[in-house]
Amino acid sequence: MLGLASTVSSSSTPESKYSLDFDGADDFLDTGATFNTTFAGDFSISMWVKPDDGQNSVQYFFGSANSSVNDSVRAFISSGKVGFILEAHDSTITRVDTNSTVFSAGAATSWTHLGFMANITGTGSTKTTLHVYVNGVQVAQSYTSQNVTGAEHSQWESNQNLAIGDYNNNGSTGSNPYNGKITDFAIWNARLDDANFLAIYNSGRPTNLTFDSGNYNQSSALQAYYKMGNGSFDDKANGVIHDQNSSGFESSSLYASNYTSGVDGWTGFGEGGVAGNIDGIGGVDNCLRYTSSSTTPDTRAFLKSDVLTIGKVYKVTFSYYIPSGSNVDALILDTVAGADNDTRNTVTDAWATVTEYFTALTADIKIVLGDADQYLNPAATDDIAYIKDVSVVNQKIGAGFGAEAVDDGDFPSTNVNWTIRPSTTINGGSATITGLGSLGGSANNWGVSQDVIDIGVRSYKVTFTAKQLTGTGAMYGGIGYHNIFSQVITSDYVTYTFYQHNVVTTGNGTRVAFGGVLAAGGETANTFEIKDVSVKQLNGLPALTSDANGSGFNFSSDAP
């Protein structure tokens, strides 16, 4: 955890102060996330809306879809009614619409809370149900179609980011964008019930959804929470909305064991070995067994290597079985310097489940076989134990920024970390760059570059200070071969900021990272001076505003 301070308690009721105002032309919010695992099961969505015209034709509150609208989730307003659609990979579709109009013609004069819930009933032929809530109450609705089965729903998968304020249809937006205001958009990987939605509505006052309060008890299932300008680290000047879902642990596992066909990468540490797919242990199948009959003094343990990141906080859960005839008296999850200092789990002849929270000191998961008060004393009889259902979950990282990724961002004279092109000189505190053309054309056009970090599909914030020395052409900044910043700058030093999701979806639907190389340059025959370069990762799931026509993205002080 970052240890960010919070003045909001579970009993408080904070009010929204801002909302995001979508222009109905080309504005949308790119969440930077597909929510694949969320939308493949039970899920719920909550949002506050105030449309500029409640009787307009179709306008999307949110949505995403793979190619040919397969694997799609979307909700919309159409002639005053609210619709909600789930579409599977094979184009089967389930759609509900409210029976009555929710919005009147013209600009809304008050805020409305909308809730959407999808209920997957198993993974067989039973159909998924969809539900719409208005101001905390489930309203009468009708199915236009109800064809998506639990089996189809559970296979939902997309490579497209969810858009808010529009529908991201296989990378294309703008056909039916939303015109109006949205705030406090939240997603859960759980089926919220009537009591939860009514508590979230809270008589028309948004509440803090990161805490359980009253009949709202699903904060642990919260996957993303965008407060549209009201959240910690939200940057209204640059159109960045930080995910406020910062407490607890992730709902999906970093690692989940599967011993149905083998050992799943586990090994036997010490004088013993492991075997997978062991059945009939205490009435349970598909277990992992550790066995040793050696009398050589040594630590025995189940070992799974290279799962954890040193210094991060994890929740580890596993089930274990110790047969009474074994020399083993306890199983110990080794989380500190030596398992002698960890909790000893001593149930025998029955399955028991262990959950522990700890900061990783190594990259490995080690479950040690021990006796009542120390590491296992070797004996002539078999040392034997079983484990099953090992799960490793990350602690959530709240809104904010990671550590500085750039070395020598002030361009010292003794610079060793930047790649310097012949067109660039280092001045001991700044760099002078002569523009050679588009950064996307050739690496030879990069005036300076640095492999800042392997940011994968993370999002990041780039800041730098620069001024124009000669010419009137644009200065460029980017990641790899992608121009991100292109602007004619002034002859005085000004600090600039840009944000970017470090991922693109290629023509064949593959999501790939831009790469880790930060580069700067400019239009040919222009010179610039740059200093104080910084790159920081954004924690959580930050969302970036998109405004293709450049008219500006508006944050409004109109909020519920």
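Bear in mind these aren't lab numbers, they're just calculated from the coordinates by the rules spelled out. Keep in mind the model is a prediction, meaning the values are calculated, not measured. Positions of Cβ are backbone-derived with ideal geometry, glycine not excepted, and every protein chain shown enters the neighbour counts.
From the alpha carbon centroid of segment 342-370 to that of segment 78-120 is 47 Å.
The alpha carbons of segment 19-241 occupy a box of 45, 40, 36 Å along the principal axes, longest dimension given first. Modelled label positions at residue 277 and residue 57, each set 7 Å beyond Cα in the direction of Cβ, lie 5.8 nm from each other.
The share of C-alpha pairs in segment 255-394 whose separation exceeds 26 Å stands at 15 percent. Compared with the alpha-carbon gap, the fully stretched path from residue 154 to residue 425 is longer by 91.9 nm at 0.36 nm per residue. Measuring r between the beta carbons of residue 309 and residue 105 and using R0 = 56 Å, the FRET efficiency lands at 0.55. Net charge of the neighbourhood of residue 65, taken over other residues with C-beta under 14 Å away and scored Lys/Arg +1, Asp/Glu -1, is -3. With the simple spin-label model, which puts each label point 7 Å out from Cα in the Cβ direction, the residue 91 to residue 413 separation comes to 7.0 nm.
For the peptides 259-267, 443-451, the ranking by mean Cβ contacts within 10 Å, running from highest to lowest, is 443-451, 259-267.
Computed from label points 7 Å out along Cα-Cβ, the spacing between residue 236 and residue 125 is 5.6 nm. Dividing the convex hull volume of the alpha carbon atoms of segment 187-280 by its residue count gives 200 Å³ per residue. Once the Cβ-Cβ distance of residue 295 and residue 403 is raised to the sixth power relative to R0 = 51 Å, the FRET efficiency obtained is 0.55. Neighbour counts of other Cβ atoms within 10 Å put 386, 290 in the fewest-to-most order 386, 290.
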